[in-house]
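Taking it in order: structure first as structure tokens, then the write-up.
Every read-out reported here was derived from the displayed coordinates using simple, explicitly stated rules and does not represent laboratory data. None of the values given here were measured: they were computed from a predicted structure. Cβ: placed from backbone, ideal geometry, glycine included. Neighbour counts: every protein chain shown.
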Amino acid sequence: MTDTTTAGSGLLTSPALQTLDAPLTGLEQVIEAALADPSHWPAFEALLPRVDLYISPEGETAKGLKPGEVGMKTLRPDEQLDLRGVRLDDGRTAAAAFTDPRRLTAVWGEDRPIIAMNALSVLKLWRDRPVMLNPGAPRVLLFQVEDVANLIAAGDAHAAEAKASAASRPIGPSSGAVTLTAPDRVPETLLARLAQAFGPVGRTGVTAAWLARARWSESGQEGWFLDFRTSRPSDEIRAMVQRAVTGLAFGDETLDVSVAPSGGTDGTGIRFI
């Protein structure tokens, strides 16, 4: 981890380049509520398995990322990740993570590469050191090693509960030929989750995406079909989709994901990116 910014008591000693006072994401709204009333803290813990945090990589991981463009990252078992950190007054280095890429660029400028990674994965990756959330922002949270361990335990419990719940149907794929049509109704909640996870255009490397109704003729199964245009690996896109839809009720239906390079013919259904 690279020490590039100094902080003590959870506050940066160097000024941020711009001020972003209002909450920018749903996660930040939950943080505000939890700071005002600790009874809301479990809601923050429950969000960790299905939201992304933003970090700035160094070294090999940063190669190939354009400054200011948000990449996505699913860490492989044998992979290492070095990132820009925050040096505390006691000499330790805290892992620096942000709830929104604009908070990162406000502190370190727009020439930094940015990676979006599942929040629970971020905590697990640096579980042996403090983690500072949103350095330079109006609300800075500094989690000590024992705090990180507690967050991981709570996040794992919520993730296991969501996985076991019948309300969260696994993402496909379903086999056989599929017929796609535009939805008769607009699934507002699903679209809002997807737009938050992947939009706006280009922020996460997705240049276009469509949501359609789907019917697989071989099995008679019905459900939803997501069609992405991106150069990012399909497993990273599918992981982000899984996190975005966690907790949504699909009943007996399924959700399938297709990932193709940018360009070519348009997809079917509702374009949300």
Net charge, Trp126 excluded, C-beta distance under 13 Å - Lys, Arg +1, Asp, Glu -1: +2
Calculated FRET value between Asp111 and Ser39, using beta carbons and R₀ = 25 Å, to 0.05: 0.05
Neighbour net charge for Ala46 - beta-carbon separation under 12 angstrom, K R +1, D E -1: -2
Gained length - Asp128 relative to Arg271, 0.36 nm times residue gap less alpha-carbon distance: 47.3 nm
Pairwise label distance in nanometres, Ala260 with Gln29, each label 7 Å out on the Cα-Cβ vector: 3.5
Contour excess over end-to-end distance, with Cα ends at Ala192 and Ala149 and 0.36 nm allotted per residue: 12.4 nm
Cα-projected label distance for Glu253 with Glu222, points at 7 Å along beta-carbon direction, nm: 0.8
Full-extension gain in nm, Arg203 to Asp89, via 0.36 nm per residue minus C-alpha separation: 37.6 nm
